[in-house]
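What follows is a short report on a single structure.
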Amino acid sequence: MKNVKSSTKQLAFYSPKNINNARSFILGIPITVWLVLIVLVPVLLMFIMSFKQKSGYEILNVFTFNNYLEFFKNETYWKLLLKSFRMAFIVSIVAIISGYPLAYFISRRLRKFRNFFYMLIITPLWVSYLVRIIAWRTILGNRGLINTALLNLGIIKEPLSIFLYNQVSVVITLTYIAIPFVFIPLYTSLEKIPNNIIDAARDLGASEFNTFINVIFPLSLPGLVTGFMLSFIIALGDYIIPAQLGGNTGIMYGNVVWAQFGGAFNWPFGSALGFILFFIAAIVLIIAQIFGSKEGIFVE
């Protein structure tokens, strides 16, 4: 009887389900190690560094909260963070307003060349980040495309400087950078909507507008939330675009973090500022995960 039980346990151990679970666990080890080394370890090192203290050109191994207290004491930093929040929110809204109709048209309306237009939208992601920034600085500059067109049309007599080195130019360029990251989850979410649900709504007498408001849009909300989250985090932490196109009025929170690691050589304070930004981004991710995972619950 004991031999029968032991044989049964051995067969259960080598069952296809256990073998698949073991295989999944083994295959997941490299990914887990990669995430730990690339994500968790740098964040942990930054967190530890944020409690150290700078003295001259030396970083003292002293535990202190002064770096975080400095952020709250000096209104320049938290006001700049609020300004970055506002600009990131504007960028996300504009990117969604621009990307949603594009994703809807390509995923729900096009029958031919759908893959071609999809690749056309994400092609800028293959181009160097700096090249795209320089291109927009050329477009918005005094001798750029906009000023040249306005001069040729006779609308203005001399180039306008309002298009560059301000918050408007930063928002425009960040929106351009964010649109592919908004488009991809929206396209995926819209394409996954079953056609029979839409056909059922129309069979019940719903107009095309009502079908979109009550069926298509609610089912696409997970993709919209994901796109908003991605664009918001990209815009919130960027420092290259504000440095290249922002001028004095377009500086954002990321520029201050970069300055602490660069010219100021104040790594502890820069780590504290960076971890505050990381903490806020993590909260945004959690909120987006809560809403983005609830696919289909918005349909009444």
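The values are calculated or read from the model by the stated rules, or taken from the named source; none is laboratory data. Just so it is clear, the model here is predicted, and its values are computed rather than measured. Cβ sites come from the backbone with ideal geometry, for glycine too, and all protein chains shown count toward neighbours.
Points worth noting:
- The listed residues are Ile38, Ile97, and the only one of them that is free of Cβ contacts under 8 Å to residues at least 40 places away in the same chain, part of a helix (DSSP H, G or I) and within 22 Å of Leu190 (Cβ to Cβ) turns out to be Ile97.
- Considering Ile197, Ile216, Ile156, Ile172, the condition of being under 17 Å from the mean Cα position of the chain (by Cα), of a type outside the set (Asp, Glu) and on the phi < 0 side of the Ramachandran plot is satisfied by Ile172 alone.
- Test: residue in the range 254-262 that is surrounded by fewer than 15 Cβ atoms within 10 Å (Cβ to Cβ), over 19 Å from Ile233 (Cβ atoms) and out of contact with any helix residue (DSSP H, G or I) (no Cβ under 6 Å at 6 or more places or on another chain): yes
- Taken as a whole, the structure leaves Ile139 outside the set of residues that are under 19 Å from Val91 (Cβ atoms) and in contact (Cβ under 8 Å) with a residue 24 or more places away in the chain.
- Against the numbered list (1) surrounded by fewer than 19 Cβ atoms within 10 Å (Cβ to Cβ); (2) in contact with a helix residue (DSSP H, G or I) (Cβ under 7 Å, 6 or more places away or on another chain); (3) within 24 Å of Tyr118 (Cα to Cα); (4) not charged (D, E, K, R), Ile156 comes up short only at (3).
- Residue within the range 156-174 that is charged (D, E, K, R) and in contact (Cβ under 8 Å) with a residue 24 or more places away in the chain present: no
- Residue check for Ser107: touching a Lys or Arg at 6+ places or on another chain (Cβ under 9 Å), in contact (Cβ under 8 Å) with a residue 12 or more places away in the chain and in the same structural domain as Val225 (by TED's automatic domain parsing): yes
- Restricting the range 92-106 to residues that are surrounded by 22 or more Cβ atoms within 10 Å (Cβ to Cβ) and not β-branched (Val, Ile, Thr), the residue that is nearest to Ser220 (Cα to Cα) is Ala103.
- Of residues in the range 200-213 being surrounded by 14 or more Cβ atoms within 10 Å (Cβ to Cβ) and within 31 Å of the chain's Cα centre (by Cα), the one farthest from Ser107 (Cα to Cα): Thr211
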